[in-house]
């Protein structure tokens with residue numbers, strides 16, 4: 001699935017260390033990884049730098065409560081320079097050189113829920129029960145695609161760094177990617193991302209970067225079966241001395257556990273409530289605030305889905 005200057009790509013290479021900024025880049029030492037979809041061209045100096053730490057933890061999917069890698073979807077395994085946020089959860093060394101085309105889903109129901117303007121990053125947010133978001137919570141914070149749908153979007157590179165454009169997927173056992181950049185093309189009009197059916201939750205990144213180091217880099221997040229927040233809860237704004245409703249939906253049909261971390265707020269009127277558990281897969285509870293509510297609420301289930309909700313006034 002990864003384009004490159006060569007026809008034969010190294011299958012899921014584990015790359016050698018010694019790639020800290022300013023140091024010489026050691027030749028890669030190809031080894032077998034668990035997921036053959038995670039391939040990298042050995043001739044690319046950018047690949048040798050960026051992917052130097054990939055695979056060392058052995059984590060290919062997030063286990064319950066995020067113990068196998070946390071929320072960054074293996075971003076911590078990538079060796080990256082300073083990145084800037086580009087909106088929609090994406091990051092890049094230079095946001096201006098990456099151009100998105102509007103995306104669509106193969107499912108009509110998902111397509112109607114996902115309207116993307118040109119140059120906007122896609123919301124690669126897949127949910128087993130994506131069409132069942134509770135009406136009483138209002139709209140979801142992020143439009144979701146059905147887990148059984150393939151999502152397609154376009155991406156072009158308008159920078160000055162040398163092609164080919166390399167594509168890499170973290171936790172690639174959870175998604176299938178086709179139609180990315182080929183040869184020396186700087187345009188991929190139909191990148192197709194299909195989630196793999198799973199009973200757990202997973203979070204990862206699509207990583208695009210130019211061939212030689214230093215490279216232009218783009219990171220696009222994807223999520224599968226995560227907890228979906230109501231738009232009114234992201235972030236949760238609590239009036240001083242008042243309350244606000246925390247609403248969320250679990251894509252896996254599991255109970256949601258909410259735990260507070262911070263001060264000046266809680267799940268009862270005296271601000272002493274530390275945690276609540278939803279009766280089913282919908283969380284819809286009031287959160288009470290004092291004079292200066294500050295912190296966050298962590299939501300999780302027993303299948304690895306998790307999300308953090310900032311709290312303020």
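Results for (1) part of a strand (DSSP E or B); (2) closer than 29 Å to residue 173 by Cβ; (3) in contact with a strand residue (DSSP E or B) (Cβ under 8 Å, 6 or more places away or on another chain); (4) at pLDDT 95 or above, shown as yes or no for each residue.
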site: 207; (1), (2), (3), (4): yes, yes, yes, yes
site: 214; (1), (2), (3), (4): no, no, no, yes
site: 265; (1), (2), (3), (4): yes, no, yes, yes
site: 284; (1), (2), (3), (4): yes, no, yes, yes
site: 299; (1), (2), (3), (4): yes, yes, yes, yes
site: 304; (1), (2), (3), (4): no, yes, yes, no
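Can residue 273 be described as surrounded by 15 or more Cβ atoms within 10 Å (Cβ to Cβ) and assigned to a loop (DSSP other than H, G, I, E, B)?
Working: surrounded by 15 or more Cβ atoms within 10 Å (Cβ to Cβ): yes; assigned to a loop (DSSP other than H, G, I, E, B): yes.
Criteria met by residue 273.
Of the residues 279, 293, 239, 310, which is surrounded by fewer than 16 Cβ atoms within 10 Å (Cβ to Cβ) and not in a loop (DSSP other than H, G, I, E, B)?
Sole residue among the options that is surrounded by fewer than 16 Cβ atoms within 10 Å (Cβ to Cβ) and not in a loop (DSSP other than H, G, I, E, B): 310.
Quick check: is even one residue across the stretch 49-69 at pLDDT 90 or above and either surrounded by fewer than 19 Cβ atoms within 10 Å (Cβ to Cβ) or in a helix (DSSP H, G or I) (or both)?
Step one: list which residues in the stretch 49-69 are at pLDDT 90 or above, which gives 49-51.
Narrowing further to those that are either surrounded by fewer than 19 Cβ atoms within 10 Å (Cβ to Cβ) or in a helix (DSSP H, G or I) (or both): 49-50.
Within the stretch 49-69, one or more residues are at pLDDT 90 or above and either surrounded by fewer than 19 Cβ atoms within 10 Å (Cβ to Cβ) or in a helix (DSSP H, G or I) (or both).
In contact (Cβ under 8 Å) with a residue 60 or more places away in the chain and at negative phi, is that true of residue 256? Break it down into steps so the answer makes sense when it comes.
Details: in contact (Cβ under 8 Å) with a residue 60 or more places away in the chain: no; at negative phi: yes.
Criteria not met by residue 256.
Of everything in the stretch 108-142, what is surrounded by 15 or more Cβ atoms within 10 Å (Cβ to Cβ), touching a helix residue (DSSP H, G or I) at 6+ places or on another chain (Cβ under 9 Å) and at pLDDT below 90? Give them in sequence order.
Once the filter is applied, which keeps residues that are surrounded by 15 or more Cβ atoms within 10 Å (Cβ to Cβ), touching a helix residue (DSSP H, G or I) at 6+ places or on another chain (Cβ under 9 Å) and at pLDDT below 90, the stretch 108-142 yields 110, 113, 130.
Residues to consider are 252, 197, 206; find the one that is buried (at least 20 other Cβ atoms within 10 Å of the Cβ) and farther than 30 Å from residue 46 by Cα. Walk me through how you get there before you give the answer.
Numbers: 197 fails: buried (at least 20 other Cβ atoms within 10 Å of the Cβ); 206 fails: farther than 30 Å from residue 46 by Cα.
Step by step, each of 252, 197, 206 is checked, and only 252 is buried (at least 20 other Cβ atoms within 10 Å of the Cβ) and farther than 30 Å from residue 46 by Cα.
Of the residues 153, 181, which single one is assigned to a loop (DSSP other than H, G, I, E, B) and surrounded by 20 or more Cβ atoms within 10 Å (Cβ to Cβ)? Show your work before the answer.
On the way: 153 fails: assigned to a loop (DSSP other than H, G, I, E, B).
Residue meeting the stated conditions: 181.
Does residue 264 satisfy the condition of being at positive phi and in contact with a helix residue (DSSP H, G or I) (Cβ under 7 Å, 6 or more places away or on another chain)? Outline the logic, then answer.
Working: at positive phi: yes; in contact with a helix residue (DSSP H, G or I) (Cβ under 7 Å, 6 or more places away or on another chain): no.
Answer is no for this residue.
The values are calculated or read from the model by the stated rules, or taken from the named source; none is laboratory data. The model shown is predicted, which means the values in this text are computed figures rather than measured ones. A quick note on method: Cβ atoms are made from the backbone with ideal geometry, for glycine too, and the neighbour counts reach across all protein chains shown.
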